[in-house]
Amino acid sequence: LVDVRLGCLLPPVEAATRPRYELLRLVVQERLNDALRVARGEGYGVATDFDWLRGGTSYLQIASSVDPDELEDALSVIHEAWARWSREGFEPGEVNVARWRYAGALSLQASVHAVAFHLFNDWRANLLAAGPATFDVALPSLDAESVAPLFATCKANAVLGLTGDEATLRRALARSWPDVEGLPAP
């Protein structure tokens, strides 16, 4: 298997703006998971993780595992989605699916353990931001325009990491992600 990771720094986050970051994470995850696992039949899904650290530093990481024989096609799918989001932004349907997923995740935070974990993460990132107000999410206000600036920052500093056979990786990158810079010929 080839380990595929795409990561980027995001603008500084505060507890009040965290829902936009969570929505971006879910939009990317749901779209790429649908494109790779559901539509193409890849055996492994796409996972995204958004984390923020004390002081507001935040990052997004996208990860998947791909069969080496399918790497070129999988990278093409990721590249096409990334390029479309760069040109046109997120489609309303993509955002709507992510918003529903986010609403479902919020409803799961009803247990004592989930609430404690949520508050601990808030406290870890910003001691003064931890509290009940971080559970107040205005889902209707989360739309494509609210995540577009986050994606623009992400796109500007994104890093693609691949772990696997070097010749296979170079060949797949050259064919599927032609605008990658500094890649010597396979």
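Packing-based ranking of 159-167, 93-101 yields 93-101, 159-167, ordered from highest to lowest mean Cβ neighbour count within 10 Å.
Put simply, the amide H of residue 90, placed in the peptide plane, has no neighbours under 5 Å, leaving out anything fewer than 5 places away on its chain. Coupling constants for the stretch 49-64 follow from the phi torsions by the Karplus curve (6.51 cos²θ - 1.76 cosθ + 1.60, θ = phi - 60°), and in residue order they are 9, 10, 9, 9, 10, 3, x, x, 4, 9, 8, 10, 10, 10, 9, 7 Hz; glycine and proline get x. Measuring only protein heavy atoms, the 1.4 Å probe finds residue 13 accessible over about 10 Å².
Residues whose amide H lies under 5 Å from that of residue 10, counting only those 5 or more places away or on a different chain, are 58, 59, 60; hydrogens are built 1.01 Å from N in the peptide plane.
The values are calculated or read from the model by the stated rules, or taken from the named source; none is laboratory data. Quantities reported herein were computed from a predicted structural model and do not represent experimental measurements. When we count neighbours, we look across all protein chains shown, and the Cβ atoms used for this are built from the backbone with ideal geometry, even at glycine. Heads up: the accessible areas ignore ligands, DNA and RNA and are worked out on the full protein's heavy atoms, side chains in. Shrake-Rupley method; radii C 1.70, N 1.55, O 1.52, S 1.80 Å.
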